[in-house]
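A short write-up of the structure that comes next.
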Amino acid sequence: MDSLLPVDGPPATGWLASRPAALDPSLWAETRPTDQTLVALALPRGQAVHGLDGQLLGWESGQDTDCDLGELWLSCARRFPDTGLWPIVDSRFGLHPGRHWHDLTTDDGRPYWRDPYAVPSDVYDAVNCADRADYHHDFDADDESEPLDQLLQDLGLPVADTTLAEASTFPDDPLARLVAPKVWKSLTLVACRRPADSLLVLDFGVPNDNATPGIFTGVLRSWETRFGVVPVMLDLCYTSFQVLAPPIADRQVDRLATEVFAFAIDTAMQGGFYREFGDRDVGAPEMVRSREWLIWWD
């Protein structure tokens, strides 16, 4: 199997850490993957990626494979607890970390995103992150823009309830609920303790909403713990997720929808919640009831 030159990987959850008590065991890898892990997966032609320490960071498929990458994504995702390799389709970033955003600056020359990234505990904690505080003007009672209550009502949310949604009960075999994504051009396997941390390893964030890799990972960890929200596709235009245990009760649906709105605020105001590509008629409450999310960003 081919191997790319060693690269430096951004920090994620360490391999000596203990699983958070609230996180379902199916979303935690007990063992760090090695090259032998890749061999056991019987992957098509691709390239292994190693860190500067020689440890495996992951694997990238070729662009011309005849393999059904949707089915391969599903197979790898279901084996994640044993392999420690979470699959992502069509990420533009790939396993070439080094802080993709180092060269971005604001108009006055300051770094666009601060480094190291702050990793919030949930979406409302993210509002207070220095990386994003200036962006969330809609949560400021003194702001002259449209009140948050009105914006939430426009999304079909009756009240501005910024209480975190309560966790759902996970099924006995959560990963069995995953389905193969539609046909994609490439697949990346990311070595990580939990699926949410794949964003940190890939250094993935959305500048359009000031969602740094740290903020994106922190919010996704929170949703992953409570509802089993796991990443499927990462792109600056779209991100897609599957949900192992979506909320059922109306109040929890509304609360989670408000969380999604608070995270993707620019998206929400522009009507960017989708059930699938091209479907613009889905509000946040309808989206969070489903087991597949698609968020348009730019």
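One chain, two ends: GLU286 and ASP125. Fully extended at 0.36 nm per residue, the span grows by 55.5 nm beyond their Cα-Cα distance.
Amide H contacts of LEU57 (H built 1.01 Å from N, in plane; Pro and chain starts excluded): VAL49, HIS50, GLY51 sit under 5 Å, all sequence-distant by 5 or more or on other chains. If a paramagnetic tag sat 7 Å from the Cα of ASP266 along the Cα-Cβ line, which residues of the stretch 194-229 would have the backbone N under 19 Å from that point? Once the point is set 7 Å along Cα→Cβ of ASP266, 203-220 turn out to lie under 19 Å by backbone N, inside the stretch 194-229.
Can you pull the percent of Cα pairs in the stretch 211-298 with separation above 21 Å? It would help to have the intermediate numbers written out before the result.
Numbers: 707 of 3828 pairs.
Summing the P(r) tail past 21 Å for the stretch 211-298 gives 18 percent.
Averaging the sequence gap over all C-alpha pairs within less than 8 Å and six or more residues apart, then dividing by the number of residues, gives the stretch 198-298 a relative contact order of 27 percent.
How would you rank 78-91, 166-179, highest first, on the average number of other Cβ atoms within 10 Å across their residues?
Working: 78-91: 21.6, 166-179: 14.0.
Output ranking for 78-91, 166-179: 78-91, 166-179.
If the segment from ALA180 to ARG45 were pulled out straight at 0.36 nm per residue, it would be longer than the present Cα-Cα gap by 46.6 nm.
Here's how it looks for ARG291: its modeled amide H is under 5 Å from none belonging to a residue 5 or more places away or on a different chain.
A simple spin-label model places the labels of SER18 and ASP298 4.1 nm from each other, with each point 7 Å out along Cα-to-Cβ.
FYI, it's all coordinate maths here, none of it is from the lab. Bear in mind the structure is a predicted one, so any value in this text is a computation, not a measurement. Cβ atoms come from the backbone with ideal geometry, glycine included; neighbour counts cover every protein chain shown.
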